[in-house]
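A.B. asks: One structure follows; several queries about it will come next.
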Amino acid sequence: MNAEPTHSDRIEITPTAIATIAGHAVRRTYGVVGMAARNVMNGITSAITHDAHKGIDVHIGADDSVRISVYVIMEYGTNLAAVSRSVAKSVRHEVEHVTGIAVAAVDVYVQGLRITNPD
């Protein structure tokens, strides 16, 4: 049995699988308290906690470039810009490490803030 891949072998990683990987990276990032639905209507944001790929959009271009959009709810009082950069860096690293696919861009959208200790 030849263990070497042949030219007819094909490996496909779906956008849903990439979104699941990205979602796990986001949830481990300090300052993120949840994922949010992309469509926020009337200023109401609902947290999504049950599906690992919700709140993540993966776009694969004609040139196989990968662009990931992340919709998050962050903790009030954290530095939103710093947390957003950390989310983008974590998502890029995790997806590239796990899949071997280069990520062209990670866009982070802060959809809401959660106050856990109101004063």
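A.B. asks: For the range 91-119, give me each residue that is under 20 Å from residue 38 (Cα atoms) and assigned to a helix (DSSP H, G or I).
C.D. replies: Taking the range 91-119 and keeping what is under 20 Å from residue 38 (Cα atoms), we get 91-92, 105-114.
Matches in the range 91-119: 91, 92.
A.B. asks: Could you tell me which residue of the range 80-105 is farthest from residue 70 (Cα to Cα), considering only residues that are in contact (Cβ under 8 Å) with a residue 60 or more places away in the chain and either touching a Ser or Thr at 6+ places or on another chain (Cβ under 8 Å) or of a type in the set (Lys, Arg) (or both)?
C.D. replies: Ranking the qualifying residues of the range 80-105, first place goes to 90.
A.B. asks: Taking residue 9, is it assigned to a loop (DSSP other than H, G, I, E, B), more than 14 Å from the chain's Cα centre (by Cα), exposed (fewer than 15 other Cβ atoms within 10 Å of the Cβ) and at pLDDT below 95?
C.D. replies: Judged against the criteria, residue 9 is a match.
A.B. asks: Output the number of residues of the range 62-110 satisfying the condition of being within 21 Å of residue 15 (Cβ to Cβ) and among the polar types (S, T, N, Q).
C.D. replies: 4
The values are calculated or read from the model by the stated rules, or taken from the named source; none is laboratory data. All values reported here derive from a predicted model rather than from experimental measurement. As a convention, Cβ positions derive from the backbone with ideal geometry for all residues, glycine included, and neighbour counts pool all protein chains shown.
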